[in-house]
Amino acid sequence: MHPIIVEEIPHSIKEYVKQIEKVTFPKQGCTSDVGILHTAKGRYVLKRAKREKYRKWLYKEYYVLKNICALEECQSPIAYKFVQTAEESWMLLEFFEGKTVREYLEKEDNEKKREHVVYEMGHLLARIHNAECPERLVSKQP
């Protein structure tokens, strides 16, 4: 994945977050470039997708996040903005402080604690799968 350079960020996103002090880069997957924007207003997650398939996935993620807020069982980040250019798609999200499950499991030596986190992750996924789908997501597909 490629680092996000401040000059590449669409104007409407820069305008929303105001002054960007720095951009840091967490470990990430293969479908989007991900940066953490550090601004005077706080931190945001910025995702950029370039390939057509991944641009569609990023829009779908945005669409679901905008509509999933109806599920009280699940806390999800707020999707603030989605910007599409001729060659890239961008999504600006709320930043949650913490570690990813992967980061935690890689560093935790205590097997009981590792098992507990895996159990809790499974419990969270079960709650998501058992939740009633918000009507807006059933009736419309992006």
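A few points about this structure:
- Simple Cβ-charge dipole of the range 102-142, Lys/Arg +1 and Asp/Glu -1, about Cα centre, in debye nearest 20: 200 debye
- Accessible surface, the chain, averaged per residue in Å² (probe 1.4 Å): 69 Å²
- The range 77-142: Cα Rg divided by the 2.2 N^0.38 Å rule of thumb: 1.59
- Carbon and sulfur %, accessible surface of the chain computed with the full protein complex present, 1.4 Å: 52 percent
- Compactness of the chain - radius of gyration and Dmax, Cα, Å: 16.7, 49
- Residue among Ser89, Ser76, Ser12 with the largest mean-square fluctuation in a Gaussian network model of the chain, springs linking Cα atoms under 10 Å: Ser12
- Counting every pair of alpha carbons in the range 1-56, the share spaced more than 16 Å apart comes to 41 percent.
The values are calculated or read from the model by the stated rules, or taken from the named source; none is laboratory data. Only a predicted model underlies this, so the values are computations on that prediction, with no experimental measurement involved. Here the Cβ is made from the backbone with ideal geometry for all residues, glycine too, and neighbour counts use every protein chain on show. The protein model used for the area step is the full one, side chains on, heavy atoms only, and it has no ligands, DNA or RNA in it. Shrake-Rupley method; radii C 1.70, N 1.55, O 1.52, S 1.80 Å.
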